[in-house]
Amino acid sequence: MVIADHPITAKAHTNIALVKYWGKLNDQLIIPQNDSLSITLDKFYTQTAVQFLPELAADDVIFDGQVLSDDASLRVRTFLNHVRELAGFDYHARVITKNFVPTSAGLASSASGFAALAGAASRAAGLALNQRDLSRLARRGSGSATRSIFGGFVAWQQGHDDATSFAYPIDERPAWDIAVVVLVLTVKQKKVSSRVGMRLAVETSPFYSAWVTASQADFKTVKTAIQNQDFEALGHTSEQNAMRMHALTLSSDPNFTYFNADSIKAMQLVKDLRLQGIVCYFTMDAGPNVKIICQGADAKQIAQHFQAVFGKDQVLITRPGAGISISD
Ligand code: 2P0
């Protein structure tokens, strides 16, 4: 194991869950309560360079050109401590990270961020991890990062401990033409972080155990739909699963929601399009932006429809993206 003598750069794309992760069994190891399944997206990614240097007195984290305060960099530094523990040395690191999003979309995510950090930091530390172990390492930074190691359709197997909770590819380069139309309805920071929101659900929603049961069934349905290239089954179940997750926020104590008025309007418009025969489905994560899952051939028409309502720059067409890449 040799510590790299130059910065190592990794690039990882974000992902959108079709079957969501919403709750942990183990907060420290980030073991989820259910299996989840996502599409890695081509347009949104993080690029991160890491070098461990004996002369540094502390970790130095630069995010989109700004030096992060100690508070803001805490999760990154905690993650680097884990990498140092695995590698068996105590040098600090210089981390330079940049998010690439087509507009200021507010879709920069901890998924691409911690996947890229896992890739760059592990190789910079001289750890030669395979993809599975890289996804286990990314999981320690953020649950959704587990899945961003791989491209295309990806599953995160819940597992029961650090060794058994990891992602694996279902279809890295899907042969069917699928697209996700992203509606950027706000770029504001969310009020309830995913971490806090999912903990509230586990601890207070009376529907939590029903969510776990339903999600495990949704996981099997969507996985089979991918194998059969059955778009309607994939879309329908993904939409249902998203609303089941959001029902957990509404039934938490205190209750809250990630929807805003435009989210509800957008979801209604998706249903109207379906009534007109355009097969498309919506999903939402821990924020008001709506993502529309559709077949590639319909993506442009759907995007134009939403651009007329929400504005040209608020609508982006994305396709399945690649897994992580790491420089030598
Ligand atoms: C998902 N989300 O499966 C779900 C759906 C958002 C909604 O994973 O606490 O930032 O760092 O593990 O990964 C967002 O949660 O949470 C998330 P932590 P994370 O994509």
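Rounded, prolate or oblate: which fits region 183-247 when a ≥ b ≥ c are the square roots of the eigenvalues of the alpha-carbon gyration tensor, with rounded for a/c under 1.5 and prolate only if a/b beats b/c?
Working: a/c = 3.09, a/b = 1.39, b/c = 2.23.
Here region 183-247 falls in the oblate category.
Round to the nearest 10 and give me the degree value, 0 to 90, for the angle of helix 296-310's Cα axis relative to the longest principal axis of the chain. So the inclination is approximately 80 degrees.
Dimensions of the chain based on its C-alpha atoms, expressed as ranges along the principal axes with the largest first, amount to 63, 41, 38 Å. Considering only Trp211, Trp156, Trp176, the mean-square fluctuation computed in a Gaussian network model of the chain, springs between alpha carbons under 10 angstrom, is largest for Trp176.
Note on region 1-80: Cα-only Rg and Dmax are 16.2, 45 Å. The local environment of Gln216, defined by Cβ-Cβ distances under 13 Å, has a net charge of +2 under the rule Lys, Arg +1 and Asp, Glu -1.
Normalised radius of gyration for region 63-143, please: alpha carbon Rg relative to 2.2 N^0.38 Å, two decimal places. Before the final figure, lay out the partial values.
Working: Rg = 12.9 Å, N = 81, 2.2 N^0.38 = 11.7 Å.
Rounded to two decimals, the normalised Rg is 1.10.
Of Ala57, Ala87, Ala124, the residue with the greatest mean-square motion in the GNM of the chain, using alpha carbon springs below 10 Å, is Ala57. Restricting the calculation to alpha carbons of region 178-318 gives Rg and Dmax of 15.5, 43 angstrom. Summing -39500 (n - 2.57) over the DSSP H runs of n ≥ 4 in the chain and dividing by its residue number, what mean residue ellipticity at 222 nm do you reach, to the nearest 500 deg cm²/dmol? Here the helix-only value at 222 nm equals -12000 deg cm²/dmol.
Judged by the ratio a/c of the largest to the smallest principal axis of the C-alpha gyration tensor, region 100-233 counts as rounded, that ratio being less than 1.5.
Among Thr204, Thr46, Thr164, Thr283, the order by Cβ neighbours within 10 angstrom, fewest to most, reads Thr164, Thr204, Thr283, Thr46. Based on alpha-carbon atoms, the Kirkwood radius and the radius of gyration of region 8-174 give Rg/Rh equal to 0.95. Please check which bits of region 1-30 a label hung off Ala233 would reach, taking the label as a point 7 Å along Cα-to-C-beta and the cut-off as backbone N under 19 Å. Residues 18-20 qualify, since their backbone N sits under 19 Å from the label point. Taking Cα atoms only, the orientation of helix 131-141 departs from the longest principal axis of the chain by about 90 degrees.
Values in this text are rule-based calculations from the coordinates and carry no lab data. All values reported here derive from a predicted model rather than from experimental measurement. In this analysis, Cβ positions are derived from the backbone assuming ideal geometry, glycine residues included, and neighbour counts consider all displayed protein chains.
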